[in-house]
Amino acid sequence: MGEKLFLLACFMLLSCSSMGTIDLFQNENDSSYKSIFILAGQSNMAGRGYNNDNSTYPPEYFLSHPQILMLDANQTWKQAADPGLHDGIDKRFVGVGPGMPFANRILIENPEFGTIGLVPCAHGQTSIMQWMKGNETGLFTQMVNRAKVALQGGGEIKALLWYQGESDALHYEDALLYGSRLVKFITDVRADLGLPELPVLVVAMMTGDGEFKMLVREAQMDIKLPHVVTVDAKGAGIKTNDKVHLNKAGSVEVGKRLADAFLEINEEC
């Protein structure tokens, strides 16, 4: 009788899963385990920095590393590299962004962190309304689906990195409603992923020529949701030929700030 109960318990454990795909016996020491990070937002997350923009930056932040993987446009894990992190995801020109500096910073600060899985989802020139659940663009659904595919390879979603807002600074109503829309977006992401306490790192943008930029920025700085941290992009370098996009050094700076914020909240958990 005891043996039957033991076998039944094992069967029930094997039949259950978290997010539908994670092995309950998997842990951070398993070779397949990845700490997964969703990269979402618009062009500054996708990356518009040039390799030859002459900005001064630490080159180690863009090195490819066997512990840094990316889920490509074909839903396949491969070693991450930038430029190209958002190839096939963002259809516009793609340069370098904060994703690789974020991942490299984590490993610089904590070489024992393990494998990092980046899930690029950002699209240039998008408003937050286009990212809302049910919007006809399908950006929300694509992001959630990519996150779920990422889990199938083994691991855990550690955070959503959100860098967006320049498009919403162009119109007063969009800027005024940005805060409530961001809360709704984060709430829906957490619900659809089944992760009610998913950490979210929101970049407070400081670029663009939108008349209502400060309204959007204030909403990003003042968001009141548990496990949401605002990371200020103020002072990060921008390209000399526009007012919107980070240069390579700026991408490093924002990536470092995002990584430091994540490591701080990760230590608290």
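None of the figures in this text is laboratory data; all of them are computed from the coordinates on show. Nothing here was measured: the structure is a model prediction, and the numbers come from that model. Methodologically, a virtual Cβ is constructed for each residue, glycine included, from the backbone with ideal geometry; neighbour enumeration extends over all protein chains shown.
A few remarks follow.
- For segment 94-134 versus segment 166-237, the spacing of their alpha-carbon centroids is 16 Å.
- Spin-label model distance (nm) - Gln152 vs Ala81, 7 Å beyond Cα toward Cβ: 2.5
- Amide proton proximity set for Ala122, modelled H, under 5 Å, gap of 5+: Gly41
- Value at 222 nm in deg cm²/dmol, rounded to 500, when DSSP H runs of n ≥ 4 in the chain each add -39,500 (n - 2.57): -11000 deg cm²/dmol
- The translational diffusion coefficient of segment 201-254, from Stokes-Einstein at 10 °C and 1.306 mPa s with a Kirkwood hydrodynamic radius over alpha carbon pairs, comes to 135 µm²/s.
- Phi-derived couplings, Karplus 6.51 cos²θ - 1.76 cosθ + 1.60 at θ = phi - 60°, listed residue by residue for segment 63-69: 6, 6, 9, x, 8, 10, 10 Hz, with x used for Gly and Pro.
- Reach of Lys224 by Cα under 26 Å, taken over lysines that are not fewer than 8 positions away in the same chain: Lys133, Lys158, Lys184, Lys213, Lys234, Lys256
- Amide H to amide H distances under 5 Å link Thr115 with Ser35, where only residues 5 or more positions off or on other chains count and H is placed in the peptide plane.
- Solvent-free Debye scattering, log10 I(q)/I(0), computed from the Cα coordinates of segment 100-139 at q = 0.19, 0.20, 0.27, 0.29 Å⁻¹: -0.66, -0.68, -0.87, -0.96
- Helix 248-268 vs. the chain, principal-axis angle (Cα, 0 to 90°, nearest 10): 40
- Relative counts (whole %) of C-alpha pair distances in the chain, using bins that are 5 Å wide: 1, 6, 13, 18, 19, 17, 11, 6, 3, 2, 1, 1, 1, 0, 0, 0
- Taking every alpha-carbon pair under 8 Å whose residues sit at least 6 apart, the chain reaches a relative contact order of 24 percent.
- Counting every alpha-carbon pair across segment 35-98, the share separated by more than 18 Å comes to 36%.
- Separation of the Glu267 and Glu112 label points, Cα + 7 Å toward Cβ, nm: 1.5
- Amide hydrogen proximity for Thr230: with H placed 1.01 Å from N in the peptide plane, the residues at 5 or more positions away or on another chain lying under 5 Å are Val202.
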